[in-house]
Amino acid sequence: MNGIASSLVTAAVALASALMAAVMVLCASPATAWSAEADEALWREGRQLYQGQRSFEAAPRLAGVALPNAIATGTATDTMASTACHQCHGPRGEGQREGGVVVPAIQWQALRQASARQAGYGSATDVLQAITSGIGRNAQPLQPPMPQFALTAREQQALIAYLQVLGTEADPVPGVSPTQVKVATVLPLTGPQAAAGQRIRDTLQAHFAATNARGGIFGRRIELRVVDGGPNAASASRATLALLGEGAQQPFAAVGSLLADPDEALRSALAAQDLALVATLGMPLADSPLPQLTYLLPSVSGQVQLLAAELARQCGAGRPMLVLHPPGAAWAQTLGHLPQDGHTLHAVTNADELAAALRAWPAHDVVATVGGPLLAQVRAAARPQCLGTLAAVSGPAPAAGAGAGAEVVALPMPAWATGAAGADSLWTVLADAAASVFEEALARSGRPLDRRRFQQALHSLHRFEPAPGLALTFTPGRRHGFDVTYLWTENHHAAHAH
Amino acid sequence: MTSRRHVLAQLLCGSAPLAWPAAARALSWLATPAVGEALLVDHDGRARHLADLLQTPRPVAVSFFYTGCATVCPPQTAVLMACCRQWKSRPALRELLMLSISVDPLNDGPSQLRAYGQRFGLPLGEAQGWLLLSGAPREVQRALTAFDVPTRPDAHPSLLWLGDPARGRWTRTSALNPPQLNGDLFEALRQ
């Protein structure tokens, strides 16, 4: 066979294969039927695929490379790393512009609608062809980073069914209706912190009641559900996890919960489900690992890092530093990434170990994240060097002259909020700030409300003041509201923020 | 061995749509970008003079991203990971050093960079061949300008610079091209 004949045969075989494939899709897949009434179970399955809560059978491919598939390995942050449809096209299919790429809207009406430049998709088959082969309207290739998906017949049906309800009233945002937005708060109503939990609850309820009395936000009342988080961190994580298990009955967000570090099960569920925990009141050891988990207060790790930088600024850059912390892998891991060179991390459990550490590193400035008698021992060591402490761990600043050297105390919020207020009224201040943060982000989201809009609105809060002098800032990378402020015991008037 | 012209023709006409067509038009190699004294910070919080990182006999690839990016960056990172894996089988590229520079220095500090690396399972470290870099906005801007990258996070292109710093030979291409194609181009650059 000569070359030309061979090419013709090859082309004919390819054409026949393509036609067969098209016929098989048309005959075998009910998804290609043009149906306005999608089966709900089917489109809910499609929504799970769209939102990355269910893996595609085969990993999507871009440039010949298999991309991370949603929740494939079950780790906490898989869906953030995945290429689930909603990452680019948006939770409501509205599309967006990012990284120099214009991502088109893919609500069913948008897909079918023709524009001056291109035809609309004529059928579900055309839409599926775009998803699977990367060839879109007018036979034009879709732009990267749109991957190609090798969908099973069931996935085709489910995705097409979901695209037909995506962004419509048939696919409501959990917790949101035209007249109300449901939120929850997880608080310790029993156990040793019950008094704090009750105070936070009362404050949140009063704050939202006042807002509702003024007509709510965009005509929506804020309906608060209080959930008992039990006596400890583990029970609080479990109670929050239970909220996530409510599916379509989930609240829109959780506000002002008293929760420190979420346990692994809660992290995984949060990463997969996108429920926002807004202005959480606990103080985590490490910075929040998830954009939807935000705190009012900076993490212990962040406070130590800033405190070390402040000590260097006050006492001289480049001096060696000894960071004393309680025992435990979590502390060592949390503090293990201090950026400055010349830092020594050391765990201390008792007075003898502390004395040995102070003898071993006599020339070092000290950051002490210890409290009680150990801190008193550090202060009494009569060292000429600088000492840094965290108010959250060590209590308030000592009287001037309590130590031989200078002491810088880091506060996890503006100094005045901790000054006049006792412990009880401090919870009121914090709970009120949490409610204000939620309402402000809700107001900035606009009337059409979904979780991504809300998240973006929250990230626009820059020096937002729920009360005069109480400024909060959130960004995509900064997941706590308050700045760290410092008190220097040798100069009580020099309190300033960083 | 694939010729350089063939590689460029593939980049121009290949099935992969080019997000950065300027790459295909580059018929002569570019000089080392003038990064000046740009002082960046890596994912471990270590200060890094970009010029020092480019003083190396290793082949260097430079890409751009930010940790809050949900659209282009995840697939781009996946493709670059595939590049790192596949290019190790090519002798000329075995010692690859990948530098990924954040275009959002206001929000990306070392902890955000580390979290991003963990999220994607990147082999971080100079020995492992991948550094994530950010820094003071002015310093990052200096670096981005040298690589012809806009400093607005929402406008950053899927641009990938490939360089042989020891010989002062560089080119640029789309980070979303198939690893095989960009590998051929990189190999041609190293010849």
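The values are calculated or read from the model by the stated rules, or taken from the named source; none is laboratory data. Predicted model only: the values in this text are computed from it and were never measured. Here Cβ is always computed from backbone atoms with ideal geometry, including for glycine, and neighbour counts include all displayed protein chains.
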Exercise. Taking A:Gln143 as meeting all but one of (1) within 17 Å of A:Ala84 (Cα to Cα); (2) more than 14 Å from every other protein chain (Cβ to nearest Cβ), write down the number of the exception.
Key: (2)
Practice problem: Report, ordered by the first and then the second residue, all pairs with beta carbons closer than 9 Å, sequence separation of six or more or different chains, a first member in the stretch B:44-59 that is under 12 Å from B:Leu99 (Cα atoms), and a second member that is among the basic types (Lys, Arg) and surrounded by 15 or more Cβ atoms within 10 Å (Cβ to Cβ). | Solution: B:Leu50/B:Arg142; B:Pro59/B:Arg190
Quiz prompt | Pairs with Cβ under 9 Å, 6+ apart, first in the stretch A:360-379 and touching a residue at least 40 places away in the same chain (Cβ under 8 Å) and under 17 Å from A:Met321 (Cβ atoms), second of a type in the set (Lys, Arg) and buried (at least 19 other Cβ atoms within 10 Å of the Cβ) | solution = A:Ala368/A:Arg379
Quiz prompt | Candidates B:Ala155, B:Ala115, B:Ala143 - the one that is under 23 Å from A:His480 (Cα atoms) and either crowded, with 23+ Cβ neighbours inside 10 Å or within 9 Å of another protein chain (Cβ to nearest Cβ) (or both) | solution = B:Ala115
Self-check item: Failed item, numbered, when A:Thr349 is tested on (1) within 18 Å of A:Ser301 (Cα to Cα); (2) of a type in the set (Ser, Thr, Tyr); (3) assigned to a loop (DSSP other than H, G, I, E, B)
Solution: (1)
Exercise. Search the stretch A:190-238 for residues being without any contact (Cβ under 8 Å) to a residue 24 or more places away in the chain and part of a loop (DSSP other than H, G, I, E, B), and hand back the single one that is farthest from A:Leu426 (Cα to Cα).
Key: A:Gly215
Self-check item: Test: residue in the stretch A:146-154 that is buried (at least 17 other Cβ atoms within 10 Å of the Cβ) and either assigned to a helix (DSSP H, G or I) or of a type in the set (Asp, Glu) (or both)
Solution: no
Quiz item: Just one of the numbered conditions (1) at pLDDT 95 or above; (2) part of a helix (DSSP H, G or I); (3) within 10 Å of chain A (Cβ to nearest Cβ) is not true of B:Asp52; which one?
Solution: (3)
Quiz prompt | Enumeration of residues in the stretch A:450-466 that are modelled with pLDDT under 90 and in contact with a helix residue (DSSP H, G or I) (Cβ under 7 Å, 6 or more places away or on another chain) | solution = A:Arg453
Quiz item: Of the residues B:Val62, B:Val79, B:Val103, which single one is away from chain A (no Cβ under 14 Å) and of a type in the set (Val, Ile, Thr)?
Solution: B:Val62
Self-check item: Number of the condition not met by A:Gly122 [criteria: (1) surrounded by fewer than 23 Cβ atoms within 10 Å (Cβ to Cβ); (2) closer than 30 Å to A:Ala253 by Cα]
Solution: (2)
Quiz item: Just a yes or no: is a residue in the stretch B:171-179 away from chain A (no Cβ under 12 Å) and within 17 Å of B:Gly45 (Cβ to Cβ)?
Solution: no
